[in-house]
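Chemist: I have a structure I would like to understand better, so I am pasting it below and will then ask my questions one at a time.
The values are calculated or read from the model by the stated rules, or taken from the named source; none is laboratory data. All values derive from a computational prediction rather than experimental measurement. All Cβ positions, even for glycine, are placed from backbone atoms using ideal geometry, and neighbour counts span all protein chains on display. Surface accessibility is based on the protein's heavy atoms, side chains included, excluding ligands, DNA and RNA. Shrake-Rupley method; radii C 1.70, N 1.55, O 1.52, S 1.80 Å.
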Amino acid sequence: MAAEVLSEHDISVSVYDAMPSLARKFLMAGKSGLNISRNEPIDAFTARYLRRDPRLDQALRDFGPMDVAVWMRGLGIAVHQGSSRRLFPVQMKASPLLRAWLGRLAQAGVSFHLKTRWVGWADNGSLLFETPEGTMSVNADATILALGGGSWRRLGSDGRWADMLRGQGVTTSSFEPSNGGFLVAWSDVMKERFAGSPVKATVLSTANGVVSQGEWVVTKSGMEGGGVYDVSQDLRDEIAQRGSACLTIDLLPTRSEDEVVQRLQRPRGTQSMSNHLRKKLGLTGVKAALLRECASPSVFNQPDLLANCIKALPLTINATAPIDAAISTAGGVPWAELNEDFMLHQCPGLYCAGEMIDWDAPTGGYLLTGCLALGRAVGRRAQLSLVQHGP
């Protein structure tokens, strides 16, 4: 995005990427349909971002969800809006959009250099890169870093840049997993029979009252998925403070507790408790397994206590899943290290964009739109600086 803005103003742009091909994390995001943005009022949209800053808010207002849609159409990619107002390319893939985008950038004169990893600076201030042919130095009038966070190392975002910036006097925040899973000490039965099972139509609540209604998935080591990601910030904070967290699950959010009690009080005769739960409440499969997993055996003979567990099932979260498995990370370059132009105070001429800045956003189009908007904002600021002050 930064390269696009700069090339539109006849500025020579080179893009260096450590990986053998471009935009690997963008393509990974597209494996699930490339939810690139969400059509909602801009105030509601910006409110979803954590660790916000006026510079991020302004970037999103300058290039928000509808601007993303216009940009996609300009690349020949039709836009599809889902039932939850999420925006996707109509092909539901990232590759056609990426091909069109890279083609337009190449036509505008942007050059791409692959297998070229930035490793710091030479004594004379030039940029140093490792390439298959050896070390290469490059002089630039402005440098924009868009190096990603600290997850999905195999796609290129390994966070190694933090040490290099600290060497220049830049303070960085430790990376934390965001939009990631959590570890739960499931029983062997839960691991073997229900790992991979989606859990639909539940409500998750944290101790602080943060609520999520999204779908999530049981994994062998715990839980993951959109519903969990929506409460991940709160769970992460509670784990940091207490060493663990408590998540409350409403297994039947469309039924009141009184209704659940009444249905459970109906005679079950010779039926097993499993059949009773299935016939009276439709509670089967992974939901019934969760109830068995987390509720005390003694409550199954007491309808009022059992109803309370069904409506507020306590689940202990032991830890966050490993950071490399997280969709995104918080941490990186704090906003205080950047001036109004997104330039590092300690490194004149060096700008930062995207997930390497310490902001945090949920999935559902917010992450990608935030990166696109910040890329455009940084590119615009670098372009104005070059025009006003010259190389």
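Chemist: Restricting to the stretch 262-296, name every residue that is over 40 Å from the mean Cα position of the chain (by Cα), surrounded by 12 or more Cβ atoms within 10 Å (Cβ to Cβ), in a loop (DSSP other than H, G, I, E, B) and not charged (D, E, K, R).
Modeler: Hits for the stretch 262-296 are 265, 271.
Chemist: Inspect all residues belonging to the stretch 363-382 and state whether any of them is more than 18 Å from residue 38 (Cα to Cα), assigned to a loop (DSSP other than H, G, I, E, B) and either open to solvent by 10 Å² or more (accessible area, probe 1.4 Å) or of a type in the set (A, V, I, L, M) (or both).
Modeler: So far as the stretch 363-382 goes, no, none of its residues is more than 18 Å from residue 38 (Cα to Cα), assigned to a loop (DSSP other than H, G, I, E, B) and either open to solvent by 10 Å² or more (accessible area, probe 1.4 Å) or of a type in the set (A, V, I, L, M) (or both).
Chemist: Would you confirm, using the coordinates I've provided, whether residue 121 is closer than 23 Å to residue 343 by Cα and either modelled with pLDDT of 95 or more or of a type outside the set (Gly, Ala, Ser) (or both)?
Modeler: yes
Chemist: Just give me the residues in the stretch 226-252 being surrounded by fewer than 18 Cβ atoms within 10 Å (Cβ to Cβ), free of Cβ contacts under 8 Å to residues at least 40 places away in the same chain and outside any helix (DSSP H, G or I), in sequence order.
Modeler: 243
Chemist: Scan the stretch 280-300 and report the pairs whose first residue is modelled with pLDDT under 95 and whose second residue is among the small types (Gly, Ala, Ser) and open to solvent by less than 50 Å² (accessible area, probe 1.4 Å), with Cβ atoms within less than 8 Å and a gap of 6+ or a chain change.
Modeler: none
To keep it simple, each residue is scored yes or no on (1) closer than 22 Å to residue 23 by Cα; (2) open to solvent by less than 50 Å² (accessible area, probe 1.4 Å); (3) modelled with pLDDT of 95 or more.
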position	(1), (2), (3)
70	yes, no, yes
76	yes, no, yes
92	yes, no, no
110	yes, yes, yes
151	yes, yes, no
161	yes, yes, yes
170	no, yes, yes
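Chemist: Restricting to the stretch 240-261, name every residue that is hydroxyl-bearing (Ser, Thr, Tyr) and under 32 Å from the mean Cα position of the chain (by Cα).
Modeler: 244, 248, 254
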